[in-house]
Amino acid sequence: MNRAAALVAAAHARDADDLRLLLDALGMLPAALPTVGHPGRVGSYRAGCRCDGCRAAVLASTRRTLARARERLADPEQRARYEHGRIYTYRAGCRCADCRAVSAKSRAEERRRRAARERGAA
């Protein structure tokens, strides 16, 4: 893709969907990005699409994954087999000391990243 032409198209686009339409009309839409009007898919989201359908597909997939993990955590036998001290296990519902510590560390890192972004943007 010609970067200069893509930047000109981006300057004229109103939003991401408009940019996809422009790039598609010019024959410059990258192969990794689906064309406008596709149904939302997790694979399309991973390829870079951020349309409402793809965002909804990823959210639904994540919720299903976490629901299955919560079911496994509810069973004491399976709970013992989980690898604790991981953010995934905390998000799935575990509140053991190791998982809480990892969650606290993750939140602190996110706050630091957000503050650094805000300092860089100001």
Being on the phi < 0 side of the Ramachandran plot, touching a Pro at 6+ places or on another chain (Cβ under 8 Å) and free of Cβ contacts under 8 Å to residues at least 60 places away in the same chain narrows it down to one residue among Gly43, Gly120, Gly53; which is it? Gly53
Filtering the stretch 90-100 for residues that are without any contact (Cβ under 8 Å) to a residue 24 or more places away in the chain and surrounded by 13 or more Cβ atoms within 10 Å (Cβ to Cβ) leaves a count of 6
Subset of the stretch 61-96 (residues that are within 23 Å of Gly40 (Cβ to Cβ) and not assigned by TED's automatic domain parsing to the domain that holds Gly43): Arg91
Expected single match for at pLDDT below 80 and part of a helix (DSSP H, G or I) among Glu118, Glu77 is Glu77
Regarding Arg70, is this residue over 30 Å from Leu21 (Cα atoms), among the basic types (Lys, Arg), in contact (Cβ under 8 Å) with a residue 12 or more places away in the chain and part of a helix (DSSP H, G or I)? yes
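The values are calculated or read from the model by the stated rules, or taken from the named source; none is laboratory data. Given the structure is predicted, the values throughout are model-derived calculations rather than measurements. No Cβ is skipped: glycine too gets one built from the backbone with ideal geometry, and neighbour counts run over all protein chains shown.
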